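Taking it in order: structure first as structure tokens, then the write-up.
The values are calculated or read from the model by the stated rules, or taken from the named source; none is laboratory data. Every value quoted in this text rests on a predicted model; they were computed, and no experiment measured them. FYI the Cβ positions are ideal-geometry reconstructions off the backbone, even for glycines, and counts take in every protein chain you see.
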Amino acid sequence: MSRIVWTTTNYGTENGHVGSRSLFAIEDNSTSGKPSFRLHTDLPVSGVRSWRSTSSERLQAHAETVLADFVASLGAVFPTDTEEA
């Protein structure tokens, strides 16, 4: 289940929203027919805050991992699909 809702801007950037907050952005940096995308986040994560890939979909999946790791660093976890609410 995706926790991030992605919307595309008029300029081709994909913004990843969690609730009402835009926490991620994927920019299309493709040139000469070679796909190139960059994901960056405003989350206060340690280390790298920008990642590159040839696939926007891979970066969306990576953003889910970054979000889960950030939430875990706060001492919380997302429930799995098998857990009951």
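State whether the residues of the range 36-45 include one that is assigned to a loop (DSSP other than H, G, I, E, B), at pLDDT 90 or above and under 14 Å from Gly12 (Cα atoms). Yes, the range 36-45 contains at least one residue that is assigned to a loop (DSSP other than H, G, I, E, B), at pLDDT 90 or above and under 14 Å from Gly12 (Cα atoms). Whether a residue is surrounded by 12 or more Cβ atoms within 10 Å (Cβ to Cβ) and either in a loop (DSSP other than H, G, I, E, B) or in contact (Cβ under 8 Å) with a residue 60 or more places away in the chain (or both) was assessed, and Arg3 passes this test. In the set (1) more than 22 Å from Ala72 (Cα to Cα); (2) assigned to a strand (DSSP E or B); (3) of a type in the set (S, T, N, Q), Ser22 fails one condition alone, (1).
The condition of being closer than 16 Å to Ala68 by Cα, aliphatic (A, V, I, L, M) and over 10 Å from the mean Cα position of the chain (by Cα) holds for only one of Val5, Val45, Val18, that being Val45.
Looking only at the range 69-84, decide whether some residue is surrounded by 11 or more Cβ atoms within 10 Å (Cβ to Cβ), in contact with a Ser or Thr (Cβ under 6 Å, 6 or more places away or on another chain) and not polar (S, T, N, Q).
No, that holds for no residue.
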